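Chemist: Please see the structure below; I have some questions.
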Amino acid sequence: MAQVQPNRDDRIELRTTRDEKQLLTDAAAHEQLDVPSFIMRTVLPAARDVVGKTERISISLSERDGLRVLDLLENPPAPTPALLAAARRRVAKSG
């Protein structure tokens, strides 16, 4: 039984370079698709993956813990002496 496709009424405009457009056109042709179908088929799984990963991280933290992580990302603490020593060892080892 054929699946009913939802109406695609919303529009996204995308600017590309001439080379990018040609690459998308060529890739779509290889897949026997038009460019919008190729883009949607390629991009939607990646978008779902990004959203899914973000939601999994958010779900596993309490609201308090999530806010703490965001605060630490925006206002990182000063490095500890142990961290500074490790960084110096790393630089000395790779230099």
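Chemist: Going residue by residue through region 53-69, is there one that turns out to be exposed (fewer than 11 other Cβ atoms within 10 Å of the Cβ) and modelled with pLDDT of 95 or more?
Modeler: The answer is no, given that none of the residues of region 53-69 is exposed (fewer than 11 other Cβ atoms within 10 Å of the Cβ) and modelled with pLDDT of 95 or more.
Chemist: Could you check how many residues of region 23-39 are of a type outside the set (Gly, Ala, Ser) and assigned to a helix (DSSP H, G or I)?
Modeler: Summing the residues that are of a type outside the set (Gly, Ala, Ser) and assigned to a helix (DSSP H, G or I) in region 23-39 gives 9.
Chemist: Next question, about the same structure. Which residue pairs have Cβ atoms closer than 8 Å, lie 6 or more positions apart in sequence or on different chains, and pair a first residue in region 38-58 that is free of Cβ contacts under 8 Å to residues at least 12 places away in the same chain and within 24 Å of residue 21 (Cβ to Cβ) with a second residue that is surrounded by 10 or more Cβ atoms within 10 Å (Cβ to Cβ) and charged (D, E, K, R)?
Modeler: Qualifying pairs under 8 Å: 41/31.
Chemist: Which residues, taken from region 1-22, are surrounded by fewer than 10 Cβ atoms within 10 Å (Cβ to Cβ), in a loop (DSSP other than H, G, I, E, B) and not β-branched (Val, Ile, Thr)?
Modeler: Listed by number, the residues that qualify are 1, 2, 3, 5, 6, 7, 8, 9, 10, 11, 13, 15.
Chemist: List every residue pair whose Cβ atoms lie under 8 Å apart, where the two residues are 6 or more positions apart in sequence or sit on different chains, the first residue falls within region 3-29 and is without any contact (Cβ under 8 Å) to a residue 12 or more places away in the chain, and the second residue, located anywhere, is polar (S, T, N, Q) and assigned to a helix (DSSP H, G or I).
Modeler: That search, which allows pairs on different chains as well, returns 28/37.
Chemist: Restricting to region 28-44, give me the number of residues that are surrounded by 10 or more Cβ atoms within 10 Å (Cβ to Cβ) and either farther than 25 Å from residue 13 by Cβ or of a type outside the set (A, V, I, L, M, F, W, C) (or both).
Modeler: Here the count works out to 6.
Chemist: Could you list, in sequence order, the residues of region 71-87 that are loosely packed, with under 10 Cβ neighbours inside 10 Å and more than 28 Å from residue 61 (Cβ to Cβ)?
Modeler: Residue satisfying the conditions is 81 alone.
The values are calculated or read from the model by the stated rules, or taken from the named source; none is laboratory data. This one's a predicted model, so the numbers in the text were calculated from it and none came from an experiment. Counting neighbours? That spans all protein chains shown, and the Cβs are built from the backbone with ideal geometry, glycine included.
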